[in-house]
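The values are calculated or read from the model by the stated rules, or taken from the named source; none is laboratory data. For clarity, every value in this text was computed on a predicted model and none was experimentally measured. When we count neighbours, we look across all protein chains shown, and the Cβ atoms used for this are built from the backbone with ideal geometry, even at glycine.
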Amino acid sequence: MVSLRILITGASGFLGGHVIAAVRAAGHVACTTARRSGEAAVDLTGPGMVDAVVQALRPDVVLHLAAMARLADCEREPARATAVNALVPQRFAERFGARLVSLSTDLVFDGRWAPYSALAPVAPLSAYGQSKAEGEERVRANGGRVVRLPLLFGPDAEGRGASAALRTAIERRQVSALFTNEYRTPLHAADAAAQLVALVVEPEGPLLLHLAGPERVSRYEFGLRFARRHGLDAKWLQPTECMDALRPRDVSLVAAWPAARDFEAMLADC
Ligand SMILES: NC(=O)c1ccc[n+]([C@@H]2O[C@H](COP(=O)([O-])OP(=O)(O)OC[C@H]3O[C@@H](n4cnc5c(N)ncnc54)[C@H](OP(=O)(O)O)[C@@H]3O)[C@@H](O)[C@H]2O)c1
């Protein structure tokens, strides 16, 4: 097997750690960049910064994870969201074409027509979803590939991701309000990472696809099942109805492939 140099942008993020591990497990070399850490610590929105990182790290292929990923930040600064989530991936696509896999989100959909196949038209409700949808378009127009992800969970030393954040809150005896009317197809970040690495090393692969977990669950059901699996006290989980117009109610994805393990096995591995 040929060992490739795989550039991981957003390497310091929640998914980044899982992707670095998956790249190494598959026998490739992880080249890392993030805004404040990594082999190249740069703000990729700066003039010439994408080219400078490529020049410095000389990757064969790119897994583009870096994003402005918080809904509230994107609503507050939509122009910045466009710069980070649309213009930066466009520049990578211009340079790498199909050797780029750029990540997007189930939040490009409005939640009225689930489950969503990769062919479904996008209709974002939020500035985050809008900026990611624009990024998808710009990447694909330049021959790059796009993978949409659902809500991710899994272990994280910094308490990020859907399950680690819940564990921290329950252990601190803090109430978590969890939506009973927001449905997604959550996926373990390690499973997502392994599939992303398999995809990026095969530039002949699909141009747009969905990765998704094996079950459609509400955020509240997710919390209950996670707590039960780990013997955590579910009294700290408060069922709540989502009234936020920016949050789609059901963005379940139809996955390109069946998940590698069942949902309970993923929950146990957190
Ligand atoms: N987590 C999920 O549930 C989920 C679901 C669907 C899709 N996704 C997508 O998956 C990808 C990874 O998500 P994540 O949860 O790992 O995100 P995250 O934890 O918020 O990490 C974001 C990463 O992007 C970097 N970054 C942000 N702005 C940057 C800039 N201007 N220049 C360079 N680097 C920048 C950050 O670096 P610093 O830390 O140094 O600022 C960090 O490494 C994103 O594209 C996200 O949209 C995630």
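Some notes on this structure:
- Residue check, ALA198 under 18 Å from the mean Cα position of the chain (by Cα) and either over 28 Å from ALA11 (Cα atoms) or assigned to a helix (DSSP H, G or I) (or both): yes
Residue-wise test of (1) more than 10 Å from the ligand (Cβ to nearest atom); (2) surrounded by 15 or more Cβ atoms within 10 Å (Cβ to Cβ); (3) of a type in the set (S, T, N, Q).
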site: ARG35; (1), (2), (3): no, yes, no
site: VAL42; (1), (2), (3): no, yes, no
site: GLY48; (1), (2), (3): yes, no, no
site: GLN55; (1), (2), (3): yes, no, yes
site: ALA67; (1), (2), (3): no, yes, no
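- Filtering the stretch 103-118 for residues that are touching a residue at least 60 places away in the same chain (Cβ under 8 Å), at negative phi and among the polar types (S, T, N, Q) leaves a non-empty set.
- When each of LEU100, LEU71, LEU63, LEU149 is tested for being at pLDDT 95 or above and within 9 Å of the ligand (Cβ to nearest atom), the lone residue that passes is LEU149.
- Qualifying positions in the stretch 117-158 - surrounded by 24 or more Cβ atoms within 10 Å (Cβ to Cβ) and over 15 Å from the mean Cα position of the chain (by Cα): VAL139, GLY144
- Residues satisfying the stated conditions in the stretch 250-270, i.e. surrounded by fewer than 17 Cβ atoms within 10 Å (Cβ to Cβ), touching a Lys or Arg at 6+ places or on another chain (Cβ under 9 Å) and in a loop (DSSP other than H, G, I, E, B): ASP269
- Selection within the stretch 201-248 - aliphatic (A, V, I, L, M), assigned to a loop (DSSP other than H, G, I, E, B) and surrounded by fewer than 17 Cβ atoms within 10 Å (Cβ to Cβ): LEU207, MET243, ALA245, LEU246
- Beta carbons closer than 6 Å, at least 6 apart along the sequence or on distinct chains, never pair a first residue in the stretch 59-74 that is closer than 13 Å to LEU103 by Cβ with a second that is within 10 Å of the ligand (Cβ to nearest atom) and of a type in the set (Asp, Glu).
- LEU87 within 13 Å of the ligand (Cβ to nearest atom), under 20 Å from GLY143 (Cα atoms) and buried (at least 21 other Cβ atoms within 10 Å of the Cβ): no
- Of all the residues in the stretch 152-187, those that are touching a Phe, Trp or Tyr at 6+ places or on another chain (Cβ under 6 Å) and within 11 Å of the ligand (Cβ to nearest atom) number 6.
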